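Reviewing the structure listed below.
The values are calculated or read from the model by the stated rules, or taken from the named source; none is laboratory data. Note that the structure is predicted; figures quoted are calculated from it, not measured. Every residue, glycine as well, gets a Cβ built from its backbone with ideal geometry; the counts of neighbours run over all protein chains shown. Calculation scope for accessible area: heavy atoms of the full protein, side chains included, ligands and nucleic acids excluded. Shrake-Rupley method; radii C 1.70, N 1.55, O 1.52, S 1.80 Å.
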Amino acid sequence: MLRMPEPDQAVVSRREAIAEALRAIVPGEGVIVDEAALRAYESDGLTAYRQPPLIAVLPQTTEQVSEVLRYCHENHIKVVPRGAGTSLSGGALPLADGILLGLGKFNRILDVDFANRCVVAQPGVTNLGITDAVARAGFYYAPDPSSQIACSVGGNVAENSGGVHCLKYGLTTNNVLGLEIVLIDGTILRVGGKHLDAGGYDILGLMTGSEGLLGVVTEVTLRILKSPETARALLLGFPSSEQAGDCVAAVIGAGIIAGGMEMMDRPAIHAAEDFVHAGYPLDVEALLIVELDGPKAEVDHLIEQVSAIAKASGAVTSRASTSEEERLTFWAGRKAAFPAVGRISPDYYCMDGTIPRGKLPIVLGRIREMSETYGLRVANVFHAGDGNLHPLILYDANEPDELDRAERFGAEILKLCVEVGGVLTGEHGVGVEKRDLMGTMFSEADLNQQQRVKCAFDPDALLNPGKVFPELHRCAELGRIHVHRGQLPFPDLPRF
Amino acid sequence: MSTTFRPETIEQVAEAVSWAAAEETPLEVIGHGSMRGFGRPVQTGYEIDLSALSGITLYEPDELVLSARAGTPMAEIRAALAEKNQHLAFEPADLGPLYGAAAGAGSIGGVLACNLAGPRRIKAGAARDHFLGLHAVSGRGEAYKSGGRVVKNVTGYDLCKLLAGSHGTLSVLAEVTVKVLPVPEKTRTVLLHGLDDAGAGTAMQRAMNSAHEVSGAAHLPASVAAVIGVPRVAEVGAAVTAVRVEGPGVSVDYRCATLRRELADLGETSELHSDNSRLLWEEVRDVRPLLSAPDTALWRLSVPPSAGPAVAARIAAESKALYYFDWSGGLIWLALPLVGSAAADAGAALVRGALTASGGHATLIRAPAELRAAVPVFQPQDEPSAALTARVKDSFDPNRVLNPGRMYAGL
């Protein structure tokens, strides 16, 4: 288990006074100190870690957020922001000596602007809530993480959430046009708007995926798209993951960017089929769902092309959806893959590495070996279009040492992802979970530069400490330049 | 005369910047120098030229990824991608000719440092959206990396985004990794003849709000359409509104025909096929209609798309500006004669004043150096944003040695 920083007892002992000060900012029920009520916030989607916060605060206005943060800054109190609490990396894990700042009451859509194809919303609106607000006019919001019914768009910004349509339609970062951000000192900052590029340094891009360490988002402007005329899916079964991987590469090589390309391995196929009866073939090692969207003529044409490529790559099952109902059935199994795996094991641990697509067979092979070594089963779900791999490690938390083994197994998978040219996390965030693995991907110099950026926003490291960085250096220490003054000899530096 | 460092390795870049940081001596950072006139003028005794830090280091077409040293010529990158029928989907503008450089000059590092994007911005995003990973040297002289070679990555802060569009003021890019995509099989453009700006705004909005995946929406008022280097456009003899669709042949045929039908009530339509279509969008992308506008300041305005026509009208009411729209009205290229008060401020007060109602920002893209030194080239920021900008600058370059003053005076 990962360790969080030691709570500051001086802050813990001031709990009553802090709650009083917060009540002056957020009146009524917005300040929670009751221990039973605080339990609701003790964990996010990474349920192995639990810690009730010192106090939970649920502000309703940007001004309240600003005042709460200013108070915390002045009094040196840590703050953990929280959206819907669906993070799978412990991004919203509270601190015993920190305030939990819940954005759940920021749940209104502020403006639907079809003329500029965007929606302005408060951060607590769910991902699906954006699409629901514009669906009547035939529009939708493209990033669609599996948790879209529950996860908030503020949390999507914090984690740069993706979904199954990333390759064609981008991640959150490609679909955010504007933000209102409150900095730790209470400063309210507006970045971007309804225009396409924000100007100045790309604070939108930096904030997206910053996991609540740089500021608190209080408003988002998101790009919406017109829904495609049609969408059809192909269900393709392969005798090996290598052949499925070849098929993906060949589809891309043919210049086809599919709306979605999802792969499942045998254990994931079986779990999903047992759960939702989607009609998946059970005699294959890898299942690929390829979705094509656009005008009917284009989709029909591409379905034929992809079918031919799949056949040449060795597909033994190939079915194209002929109705919307059938298309949704194809997806039902994939979308239910996590809960399906949850049915066959008391607990599962979901990993989130990204790899170069071509390395999939090697990585799956090594994961199988590790599965034997650690004595734990694993099912793999893979966003094949963008290389994002979600191994689900099956374990039983009631068995001594199984969680520990699952965590070590998971860490080894992520190290493997980095080793083959990939990264630790594609869309779930580093959070607490992968914090101590950052060193496998980044050198000290890399991490120091990231932390200097953190210092530009939050010099006292009060926002979400204990997440992302294995150790937080003091900003003063990071700011020093170690130089040896000298002349300009550089014998080997070409100069003109 | 300034002294030029021409490093061949990232270590040499670090060596040069370390020296500059220690001596607190400013360095002008250039790729191939084709866009040196972009931004406020930088005067330094030393410059670091990345043209020798060159070469594609990784290109895997199946993985849709390419890595190259920052000084790699764009021409080399374009050629390598074309061989595999791929491209940079953000369609980076070739701005060099605006500053007197040859067409096709410039480096991949320069494209990313300026966060360039072309007409396809409305569908595919800008350079920042395709910038996956980097090796760079901070203003402290320290080499570091960020990102990776995969599209989906939330491991640490996205410093690629931050460096895109930072004009060399935060770090010196040494090696970059970008996402590449297949070239669409077919391209076709629907032209609408004779619309005024407001009517064109309506037409572009209707096209963008359709399901036809429009990848370019521009409006050329009559005086601009007349100088476009595509005879089929120039000979219309009136304003031209252009809407582009790309993709598989069957799909493009269908979408083009449907768009023409859906826009028919607004005016006469025609269509451009392959080469003519490509040429038109190159002209729009590279600001060629305004390339040789003498004695003007060239402005680039980024506004909410629906506000474009009204913003342009406000400026045109007070000046003899030549302008056209890209990005469905969200991007206005505008050449403002340097007469009257504009002789002193390049038209900054007029141009930026026209944005206050809609939001957005204006950049002075080309003007005599003395004007670019006197007038904020990039949109002035409010106090909280300016303070954060300074702190971000200092977090990379505390001694402010990299391209000092390029974006903002004193920074």
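Okay, residues lined up against (1) within 11 Å of chain A (Cβ to nearest Cβ); (2) closer than 30 Å to A:Gly479 by Cβ:
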residue	(1), (2)
B:Thr25	yes, yes
B:Thr44	no, yes
B:Leu53	yes, yes
B:Leu58	yes, no
B:Glu76	no, no
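Quick check on this structure: which one of B:Ala117, B:Ala93 is within 21 Å of B:Leu334 (Cα to Cα), within 12 Å of chain A (Cβ to nearest Cβ), small (Gly, Ala, Ser) and in contact with a Gly (Cβ under 8 Å, 6 or more places away or on another chain)?
Values: B:Ala93 fails: within 12 Å of chain A (Cβ to nearest Cβ).
Only one candidate qualifies: B:Ala117.
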Pairs only if they're at least six apart or on different chains, beta carbon under 9 angstrom, first in region A:76-93 and touching a residue at least 40 places away in the same chain (Cβ under 8 Å) and assigned to a strand (DSSP E or B), second open to solvent by 20 Å² or more (accessible area, probe 1.4 Å) and charged (D, E, K, R); list them, first residue then second. A:Lys78/A:Asp8
When the residues of region A:167-191 are narrowed to those that are more than 27 Å from A:Thr354 (Cβ to Cβ), touching a Pro at 6+ places or on another chain (Cβ under 9 Å) and open to solvent by less than 10 Å² (accessible area, probe 1.4 Å), which ends up farthest from the other protein chains (Cβ to nearest Cβ)? A:Ile184
What is the residue count in region B:254-282 for residues that are open to solvent by 20 Å² or more (accessible area, probe 1.4 Å) and either in contact with a helix residue (DSSP H, G or I) (Cβ under 9 Å, 6 or more places away or on another chain) or not small (Gly, Ala, Ser) (or both)? 17
Identify the single condition in (1) within 14 Å of chain B (Cβ to nearest Cβ); (2) open to solvent by 20 Å² or more (accessible area, probe 1.4 Å); (3) assigned to a strand (DSSP E or B); (4) touching a residue at least 60 places away in the same chain (Cβ under 8 Å) that A:Val119 does not satisfy, given that it satisfies every other one. (2)
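Before we move on, is B:Val29 of a type in the set (Val, Ile, Thr), within 17 Å of B:Leu134 (Cβ to Cβ) and more than 10 Å from every other protein chain (Cβ to nearest Cβ)? Write out each step before concluding.
Working: of a type in the set (Val, Ile, Thr): yes; within 17 Å of B:Leu134 (Cβ to Cβ): yes; more than 10 Å from every other protein chain (Cβ to nearest Cβ): yes.
When the stated conditions are applied, B:Val29 passes them.
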Hey, does region A:55-62 have a residue that's outside the structural domain of A:Gly212 (by TED's automatic domain parsing), touching a Ser or Thr at 6+ places or on another chain (Cβ under 9 Å) and open to solvent by 40 Å² or more (accessible area, probe 1.4 Å)? yes
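Looking at B:Ser341, B:Ser319, B:Ser358, B:Ser302, which is the one that is over 16 Å from B:Arg40 (Cβ atoms), among the small types (Gly, Ala, Ser), open to solvent by 10 Å² or more (accessible area, probe 1.4 Å) and within 13 Å of chain A (Cβ to nearest Cβ)? Before the answer, list the steps.
Working: B:Ser341 fails: within 13 Å of chain A (Cβ to nearest Cβ); B:Ser319 fails: within 13 Å of chain A (Cβ to nearest Cβ); B:Ser302 fails: open to solvent by 10 Å² or more (accessible area, probe 1.4 Å).
Only one candidate qualifies: B:Ser358.
Would you check which residues across region A:291-302 are among the hydrophobic types (A, V, I, L, M, F, W, C) and either part of a strand (DSSP E or B) or open to solvent by 10 Å² or more (accessible area, probe 1.4 Å) (or both) and list them?
Here is the first cut: in region A:291-302, the ones among the hydrophobic types (A, V, I, L, M, F, W, C) are A:292, A:297, A:299, A:302.
Correct list: A:Leu292, A:Ala297, A:Leu302.
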Go over the candidates A:Gly333, A:Gly365, A:Gly358 one by one and state the one that is open to solvent by 10 Å² or more (accessible area, probe 1.4 Å), small (Gly, Ala, Ser), under 16 Å from A:Arg266 (Cα atoms) and assigned to a helix (DSSP H, G or I). A:Gly365
Any chance you could count how many residues in region A:136-166 are of a type outside the set (Val, Ile, Thr), assigned to a helix (DSSP H, G or I) and open to solvent by less than 10 Å² (accessible area, probe 1.4 Å)? 2
I'd like to know if region A:300-323 contains one or more residues that are within 15 Å of A:Ala384 (Cα to Cα), without any contact (Cβ under 8 Å) to a residue 24 or more places away in the chain and not assigned by TED's automatic domain parsing to the domain that holds A:Val164. no
Top-ranked residue of region B:126-139 - restricted to ones that are at the interface with another protein chain (Cβ under 9 Å from one of its Cβ atoms) and open to solvent by 10 Å² or more (accessible area, probe 1.4 Å), ranked as farthest from the chain's Cα centre (by Cα): B:Asp129
Here is a list: A:Ala340, A:Ala286, A:Ala336. Which entry is away from chain B (no Cβ under 13 Å), farther than 13 Å from A:Leu234 by Cα, out of contact with any Leu (no Cβ under 7 Å at 6 or more places or on another chain) and modelled with pLDDT of 95 or more? A:Ala286
Complete set of residues in region B:149-205 that are β-branched (Val, Ile, Thr) and out of contact with any Leu (no Cβ under 6 Å at 6 or more places or on another chain): B:Val150, B:Val151, B:Val154, B:Val172, B:Val183, B:Thr187, B:Thr202
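Per-residue answers, yes or no, for (1) without any contact (Cβ under 8 Å) to a residue 24 or more places away in the chain; (2) assigned to a helix (DSSP H, G or I); (3) more than 8 Å from every other protein chain (Cβ to nearest Cβ); (4) open to solvent by less than 30 Å² (accessible area, probe 1.4 Å):
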position	(1), (2), (3), (4)
B:Val351	no, yes, yes, yes
B:Ile365	no, no, yes, yes
B:Pro376	no, no, yes, no
B:Ser385	yes, yes, no, yes
B:Val392	no, yes, no, yes
B:Pro404	no, no, yes, no
Given (1) free of Cβ contacts under 8 Å to residues at least 12 places away in the same chain; (2) open to solvent by 30 Å² or more (accessible area, probe 1.4 Å); (3) of a type outside the set (S, T, N, Q); (4) not in a helix (DSSP H, G or I), where does B:Asp62 come up short, assuming only one miss? (4)
Tell me yes or no: at least one residue of region A:312-327 is over 19 Å from A:Ser227 (Cβ atoms) and within 14 Å of chain B (Cβ to nearest Cβ). yes
Looking at (1) assigned to a helix (DSSP H, G or I); (2) in contact with a Pro (Cβ under 9 Å, 6 or more places away or on another chain), which is the only condition A:Ala133 fails? (2)
Given the options B:Pro231, B:Pro184, name the one that is under 27 Å from A:Gly294 (Cβ atoms) and either open to solvent by 10 Å² or more (accessible area, probe 1.4 Å) or within 19 Å of the chain's Cα centre (by Cα) (or both). B:Pro184
Going residue by residue through region B:5-12, is there one that turns out to be open to solvent by 30 Å² or more (accessible area, probe 1.4 Å), more than 26 Å from the chain's Cα centre (by Cα) and free of Cβ contacts under 8 Å to residues at least 12 places away in the same chain? no
I'm checking my understanding of the structure. Among residues of region B:144-168 that are surrounded by 24 or more Cβ atoms within 10 Å (Cβ to Cβ) and small (Gly, Ala, Ser), which one is farthest from the other protein chains (Cβ to nearest Cβ)? B:Gly168
Does A:Leu288 meet the test of being surrounded by 15 or more Cβ atoms within 10 Å (Cβ to Cβ) and not in a strand (DSSP E or B)? no
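Could you please find all residues in region A:407-464 being of a type in the set (Lys, Arg) and either open to solvent by 10 Å² or more (accessible area, probe 1.4 Å) or within 7 Å of chain B (Cβ to nearest Cβ) (or both)? It would help to see each step written out before you state the result.
Going residue by residue through region A:407-464, those that are of a type in the set (Lys, Arg) are A:408, A:415, A:434-435, A:452, A:454.
Selection gives A:Arg408, A:Lys415, A:Arg435, A:Arg452.
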